[in-house]
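What follows is a short report on a single structure.
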Amino acid sequence: MEPRLDYFGHPLAGKVLRHINSAGKLVADSALPSATQELVKIRASQINGCGFCTDMHTKDATAAGETAQRLHLVAAWREAKVFTEAERAALELAEQGTRIADAAGGVTDEAWANAAKHFDEEQLVALLSLIAVINAYNRVNVINQQPAGDYRPGQFG
């Protein structure tokens, strides 16, 4: 598989990605737990069929010490006992926020209230922003058919 164009090498894309990366860095540096951040990025990427981001974030999570068991169960998190209640709330919000077009009402009040039980306002802002940022990355990579499998942890800084 080859990408449709060299998006990452294009000057305009470089400018766009700098802004998205800046937003991603703000979220990464927030009080939202980094393990939760990786789980959310993985789940949204799975839903969107973004192999590039799924590869990247599973490898980054592994490098950060995440267990193989938890990574293998992200797609089936509802049936898995290995996630905290806070992580489950974040994964639910990520799913609903990623599948926004699939639900007439968007994100449910119940999903939001559950997340608000586990995260303070700054963490909720970070979580909402993270869901938006990973969905933007997913769309760029899926539209461009960016191939997966070659990512090395830390490759992008």
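The values are calculated or read from the model by the stated rules, or taken from the named source; none is laboratory data. Please read these numbers as outputs of a predicted model, since none were measured by experiment. FYI the Cβ positions are ideal-geometry reconstructions off the backbone, even for glycines, and counts take in every protein chain you see. These area figures cover heavy atoms from the full protein model, side chains too; ligands, DNA and RNA do not enter into them. Shrake-Rupley method; radii C 1.70, N 1.55, O 1.52, S 1.80 Å.
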What Kirkwood hydrodynamic radius, in Å, does the stretch 102-157 give when the mean of 1/r is taken over all pairs of distinct Cα atoms and then inverted?
-> 14.0 Å
For the chain, the percent of accessible surface on carbon and sulfur atoms (probe 1.4 angstrom, ligands and nucleic acids excluded) is 57 percent
Anchor Lys15: lysines whose Cα lies under 29 Å away (excluding residues fewer than 8 positions away in-chain) = Lys25, Lys41, Lys59
Here the relative contact order (percent) of the chain, from C-alpha pairs under 8 Å and at least 6 apart, is 40 percent
Just the accessible area for Ser129, please: 1.4 Å probe, Å², rounded to the nearest 10?
-> 40 Å²
Over all Cα pairs of the chain, the Kirkwood radius sets Rh, and Rg/Rh then becomes 0.95
Given a 1.4 Å probe, the accessible area of the chain per residue, as a whole number of Å², is 56 Å²
Measuring from its Cα centre, the stretch 108-152 shows a charge dipole (+1 at each Lys and Arg Cβ, -1 at each Asp and Glu Cβ) which, in debye to the nearest 20, is 300 debye
Kyte-Doolittle mean at least -0.5 and Cα extent at least 27 Å along the axis: which DSSP H helices of the chain qualify?
-> 121-144
